[in-house]
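One structure below.
The values are calculated or read from the model by the stated rules, or taken from the named source; none is laboratory data. Everything quoted here is computed from the prediction, not taken from an experiment. Just the protein is used for accessible areas: all its heavy atoms, side chains included, with ligands, DNA and RNA removed. Shrake-Rupley method; radii C 1.70, N 1.55, O 1.52, S 1.80 Å.
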Amino acid sequence: MSDPTFATLASRWFQQHARDLPWRKPGVGAWAILVSEVMLQQTPVVRVLPAWEAWLARWPVPAELAADSPAEAIRMWGRLGYPRRALRLHECAVALVERHGGEVPTNLDQLLALPGVGTYTARAVAAFAYGQRHPVVDTNVRRVVARAVAGEPDAGPTTRPADLIATERLLPAEPAAAALASAAFMEIGAVVCTARSPRCVDCPLTARCAWRASGLPAPEGPTRRPQRYAGTDRQVRGLLLAVLRETTGPVPGVRLDTVWADAIQRNRALAGLVDDGLVEVVGDAYRLAGDGVRTPTVPL
């Protein structure tokens, strides 16, 4: 009998040890999975869980979000961070209604054509919602493949075509098995083969891992440090958005002046929010994008 493949080892482990996450449960629809994938970008699961549940309770289908204003999407996003994702989800919902009758398409090219849906998200929805065979490659998967297959301590900062090719080679031919393996690779990278403290003793790929076989060499060059938040424009943007989320309609500029003492940084952050389409200027006041305006949609 031949040795089990990476995919087989990973999938067996996943079926026994995967975290019990609501978007993984049987019967969860493609829209709910798409929302989870967008929310999980650069955001820990523990913060996403309540936000995902609240979002789906309010907008269980794309048409309901599309009929609401972008401002409400931004409000509902709360403090998840990177609020442009809320705008992209709203734009995506509008596109789903206009192009696909309010349904999330099964075709990869149609998924890729949706606003805010990139290489990773499109393939994740195709695999996890529809059981298709696609390489689903995020930071965790790239790290697992780099270590276990290539023997490298870490992957590069961004996903390259070579990463998709390397991951696809590990997938079983049968679509459902490939989708399961994709989820397994991601989970291993998220909870076992982590960036700083990998738990090799718990990894199902340890015996076949090229990185471990080579003595676990450390990455070359400087170690990437976590991004600082306190005192940055990101923090100021968050404070400004918090005021606007709590108010319906325009907020006078003088009210926002009290948010942050450094006028230059405050104005720069506010201008960035306007440039990103999150905030609109109304005379001497500001409001969330489309606040109070319902988006016209194509009837289903």
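Can you give the alpha-carbon Rg of region 138-250 over 2.2 N^0.38 Å, where N counts its residues?
After normalising by residue count via 2.2 N^0.38 Å, the value is 1.43.
Amide H of VAL279 versus every other amide H placed in the peptide plane: which residues, excluding those fewer than 5 positions away on the same chain, fall under 5 Å?
Those lying under 5 Å, H to H, from VAL279 are VAL274, ALA289.
Roughly to the nearest percent, how much of the accessible area of the chain is carbon and sulfur, given a 1.4 Å probe?
Carbon and sulfur together cover 55 percent of it.
Read phi for every residue in region 252-263 and hand back ³J(HN,Hα) as whole Hz from Karplus 6.51 cos²θ - 1.76 cosθ + 1.60, θ = phi - 60°, with x for Gly and Pro.
Residue by residue, region 252-263 yields x, x, 5, 5, 6, 4, 7, 6, 8, 5, 6, 5 Hz.
Taking H as built 1.01 Å from N, whose amide H comes closer than 5 Å to the amide H of VAL251, not counting residues under 5 places away?
Under 5 Å from the amide H of VAL251 lie the amide H atoms of TYR286, ARG287, each far enough along the sequence or on another chain.
So how tilted is helix 84-100 from the main axis of the chain? Cα-based, degrees 0 to 90, rounded to 10.
80 degrees
Once the Cα atoms of helix 119-130 and of the chain are each reduced to a long axis, what angle between those two axes, in degrees from 0 to 90 to the nearest 10, is obtained?
Its long axis makes an angle of about 70 degrees.
Suppose the chain between THR232 and ALA213 were pulled fully straight at 0.36 nm per residue; how much longer would it get relative to their current alpha carbon spacing?
Answer, rounded to one decimal: 2.7 nm.
What list of ³J(HN,Hα) couplings, whole Hz, do you get for region 10-23 from phi and the Karplus terms 6.51, -1.76, 1.60, once you set θ to phi - 60° and write x for glycine and proline?
Whole-Hz 3J(HN,Hα) from phi for region 10-23: 5, 5, 4, 5, 4, 5, 9, 10, 4, 5, 7, 10, x, 6.
Looking at the chain as a GNM with Cα springs under 10 Å, which of TYR229, TYR286, TYR130 has the largest mean-square fluctuation?
Highest fluctuation of the listed residues: TYR229.
Please work out the C-alpha center-to-center distance from region 169-221 to region 53-123 and express it in whole Å.
Going from one Cα centre to the other spans 31 Å.
Per-residue HN-Hα couplings for region 168-181, Karplus 6.51 cos²θ - 1.76 cosθ + 1.60 at θ = phi - 60°, whole Hz, x for Gly and Pro?
4, 4, 8, 7, x, 6, 6, x, 5, 5, 5, 5, 5, 5
List, largest first, the extents of the alpha carbons of region 33-179 along their principal axes, each in whole Å.
Dimensions of region 33-179 along the principal axes of its Cα atoms: 48, 31, 21 Å.
At 222 nm, what helix-only mean residue ellipticity would the chain give, in deg cm²/dmol to the nearest 500, using -39500 (n - 2.57) for each DSSP H run of four or more?
Values: 15 runs with 152 residues, N = 300.
So the helix-based figure for the chain works out to -15000 deg cm²/dmol.
According to the square roots a ≥ b ≥ c of the eigenvalues of the Cα gyration tensor, what is the shape class of the chain, taking rounded for a/c under 1.5, prolate for a/b larger than b/c otherwise, and oblate for the remainder?
oblate
At 1.4 Å probe size, with every protein chain present, just tell me what the per residue accessible area of the chain comes to in Å².
50 Å²
Indicate the gyration tensor shape class of region 11-106 (rounded, prolate or oblate), computed on the Cα atoms with a ≥ b ≥ c the square roots of the eigenvalues: a/c under 1.5 is rounded; otherwise a/b larger than b/c is prolate and the rest oblate.
Since a/c reaches 1.5 but b/c is at least a/b, the shape of region 11-106 is classed as oblate.
Report the full-extension gain for the segment VAL191 to GLN41: residue separation times 0.36 nm, less the Cα-Cα distance, to one decimal in nm.
Difference between extended and current length: 52.4 nm.
Below 8 Å, C-alpha to C-alpha, sequence gap of six or more: please give me the relative contact order for the chain in percent.
This gives 22 percent for the chain.
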